[in-house]
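The values are calculated or read from the model by the stated rules, or taken from the named source; none is laboratory data. Since the model is a prediction, treat every value here as computed from it, not as a measurement. Here Cβ is always computed from backbone atoms with ideal geometry, including for glycine, and neighbour counts include all displayed protein chains. For accessibility, only protein heavy atoms count, side chains too; no ligands or nucleic acids. Shrake-Rupley method; radii C 1.70, N 1.55, O 1.52, S 1.80 Å.
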Amino acid sequence: MNIGRFLQRSAESRPEDLAVRHGTRRWLDYAGLAERVGRTAACLAKVHDVRPGDRVMIVMQNDPEFLPVFWAALWCGASVVPLNAKLHRNEIAALIGQADPRLLVFNEGTADTAKAALGLADRSADLGIAAGTLAGRCRGYPPLPAPVEREPDDIAWLFFTSGTTGTPKGALLSHRNLDLMASSFIEEVLPLDSRDTLLHAAPMSHGSGMYMIPWVAAGAAQLVPLSGRFDEPEIIDLCAQSRRLSFFAAPTMIQRLIRTAIERDRTEDLRAGLRCIVYGGGPMLLESAKAAAEILPGRLAQIYGQGECPMTITRLPPGDFDPKARDFERRLASVGKPFRRVSVRIDAPNGEGIGEILVKSPLVMRGYADDPEATARTVERGWLRTGDVGCIDDGGYLHLSDRAKDLIISGGTNIYPREVEDVLVRHESVCEVAVLGRASDEWGEDVVACLSLNRGHSLEIEALDALCKDNLAGFKRPKAYFVLPELPKNAYGKIDKKALAGTVRA
Ligand code: AMP
């Protein structure tokens, strides 16, 4: 078994169908992509000595060349290690040390950082190659006709988690894990066929790249925007010019996109060719989800997952975003119901109430790379400890409160920041909000709120406090407010509470 077969099969059954678009230009059809991948795989094996089981690190900004590199590494039996292109060279150096790749592929935008990182990690510069050089070099090699056979438990992707709770850990994802991720998505979130297109609006190193797999399995196309990044007007243009376009986005990206569409009077253009925005990776506050569902009815889906159980713990499919659906608000406030292949349990007395979310599934990773202790702490008797805290309602919907470590303990009482954030965001002045704990001699921790404000508004502490008073127990009300032009985000678009901790301490 090798998930590279998905590409081989799509190329055999629909060779002339579009596989990759760059902006509005056709880049490669399926026959062309499979040939490029076969040649690149031959070149990786013959010139760069990449063997089955080796690791190929990919440090590239979104670029169509990402596709041949990614699939060629799998095709020759190696595992891929994509890294976020926005990481600092010191961070990349540390991950090179952890992953020990056979080869590192970079592109124009990351060349300097990647080369510097190889030096910092004490690796030879020969270990790095530009995707463009590889594309030229592979022309001289007859294509490897089929993917190298692998076992279902062999590792396909070494996935570095985004490190919101500490240093990134490398989750070992097998061919079986990714095969099941792709079928679960197609069966339970969005049925796909060759008419569909996946737009890479978010980093291909993470969720967006992971969704390449179901789209390739369905013989559907990929679209890489010319800018290679998340540019709202460009995405609206692409939606206006396309059909059945879907993409993965962090919740903060959806808010930015909708704000731009409204400001420029382009909501019709955004809706025109958009099939679905699949969001996840961080919390979407209820008010924001409602506003998004109003502008994009039936065109949203949510997934809850993590690197350790890739993109597949619970889901809210597009049908759940119909404002007329029963329990609409309750559904939107949740992260949905478990996928069919996933069991979810709450680590609380009798499994009731709020507690850590545990997951058992054939989708759970094989473990963390070279870290048996962290693996044993995280996967206990087959149950993955997600580190997220939540509860299941009587309709079977999972509600996420917070990351266990984001919990605020004030005067011995647990406070879930999410609950306070959900209230504050309802105020018209609030654009983004993050609630966190600040060390306090008296209470252990105080609740404080960091906000960015909508244009033309100023901080109205009294009004915000009154809103909290009307909706929350007194001890949950923020003791202080901090206004920033924009809340800091990590490389994946998630609000970076670690960075905010410095702001509220200062
Ligand atoms: P990563 O493994 O780096 O992708 O991060 C996974 C973490 O992101 C999860 O453990 C959750 O804390 C958070 N997350 C993922 N999906 C959602 C979602 N739909 N809603 C809220 N938080 C989410």
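Figures for the structure shown
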{"read-out": "Test set (1) more than 16 Å from the ligand (Cβ to nearest atom); (2) of a type outside the set (Val, Ile, Thr); (3) open to solvent by less than 50 Å² (accessible area, probe 1.4 Å) - Asp422 fails condition number", "value": "(1)"}
{"read-out": "Counted residues, segment 330-348 - those being touching a residue at least 40 places away in the same chain (Cβ under 8 Å), under 18 Å from Val364 (Cα atoms), of a type in the set (Lys, Arg) and surrounded by fewer than 20 Cβ atoms within 10 Å (Cβ to Cβ)", "value": "2"}
{"read-out": "Subset of segment 372-409 [part of a strand (DSSP E or B) and touching a Lys or Arg at 6+ places or on another chain (Cβ under 8 Å)]", "value": "Val379, Trp383, Leu384, Arg385, Gly387, Asp388, Val389, Leu398, Leu400, Ser401, Asp402"}
{"read-out": "Qualifying residue in segment 190-204 (condition: open to solvent by less than 10 Å² (accessible area, probe 1.4 Å) and among the polar types (S, T, N, Q))", "value": "no"}
{"read-out": "Within segment 303-329, considering residues that are open to solvent by less than 10 Å² (accessible area, probe 1.4 Å) and at pLDDT 95 or above, the one farthest from the ligand (Cβ to nearest atom)", "value": "Thr312"}
{"read-out": "Counted residues, segment 50-92 - those being open to solvent by 10 Å² or more (accessible area, probe 1.4 Å) and at pLDDT 95 or above", "value": "9"}
{"read-out": "Strands (runs of 3 or more DSSP E) wholly inside segment 421-506 that include at least 1 residues being at pLDDT 90 or above and touching a Pro at 6+ places or on another chain (Cβ under 8 Å)", "value": "430-440, 444-453"}
{"read-out": "Pairs with Cβ under 6 Å, 6+ apart, first in segment 302-322 and in contact (Cβ under 8 Å) with a residue 60 or more places away in the chain and under 17 Å from Arg340 (Cα atoms), second among the aromatic types (Phe, Trp, Tyr) and within 11 Å of the ligand (Cβ to nearest atom)", "value": "Ile313/Tyr304; Thr314/Tyr304"}
{"read-out": "Helices (runs of 4 or more DSSP H) (entirely within segment 1-78) containing at least 2 residues that are among the aromatic types (Phe, Trp, Tyr) and either in the same structural domain as Pro101 (by TED's automatic domain parsing) or free of Cβ contacts under 8 Å to residues at least 40 places away in the same chain (or both)", "value": "66-75"}
{"read-out": "Filter result for Ala31 (open to solvent by less than 50 Å² (accessible area, probe 1.4 Å) and at pLDDT below 95)", "value": "no"}
{"read-out": "Count of segment 264-287 residues which are within 16 Å of the ligand (Cβ to nearest atom) and either buried (at least 24 other Cβ atoms within 10 Å of the Cβ) or under 21 Å from Gly207 (Cα atoms) (or both)", "value": "10"}
{"read-out": "Residue list for segment 396-445, restricted to those being more than 15 Å from Lys476 (Cα to Cα) and hydroxyl-bearing (Ser, Thr, Tyr)", "value": "Tyr397, Ser429"}
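One line per residue, one yes/no per condition, for (1) part of a loop (DSSP other than H, G, I, E, B); (2) open to solvent by less than 60 Å² (accessible area, probe 1.4 Å); (3) of a type in the set (A, V, I, L, M):
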{"site": "Thr110", "(1), (2), (3)": "no, yes, no"}
{"site": "Arg123", "(1), (2), (3)": "yes, no, no"}
{"site": "Thr133", "(1), (2), (3)": "no, no, no"}
{"site": "Pro145", "(1), (2), (3)": "yes, no, no"}
{"site": "Val148", "(1), (2), (3)": "yes, yes, yes"}
{"site": "Glu151", "(1), (2), (3)": "yes, no, no"}
{"site": "Ser184", "(1), (2), (3)": "no, yes, no"}
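Table: residues versus (1) open to solvent by 40 Å² or more (accessible area, probe 1.4 Å); (2) within 27 Å of Pro203 (Cβ to Cβ); (3) free of Cβ contacts under 8 Å to residues at least 60 places away in the same chain.
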| position | (1), (2), (3) |
| --- | --- |
| Ser429 | no, no, yes |
| Glu432 | no, yes, no |
| Ala439 | yes, no, no |
| Glu462 | yes, no, yes |
| Arg477 | yes, no, yes |
| Val483 | yes, no, yes |
| Glu486 | yes, yes, yes |
| Leu500 | no, yes, no |
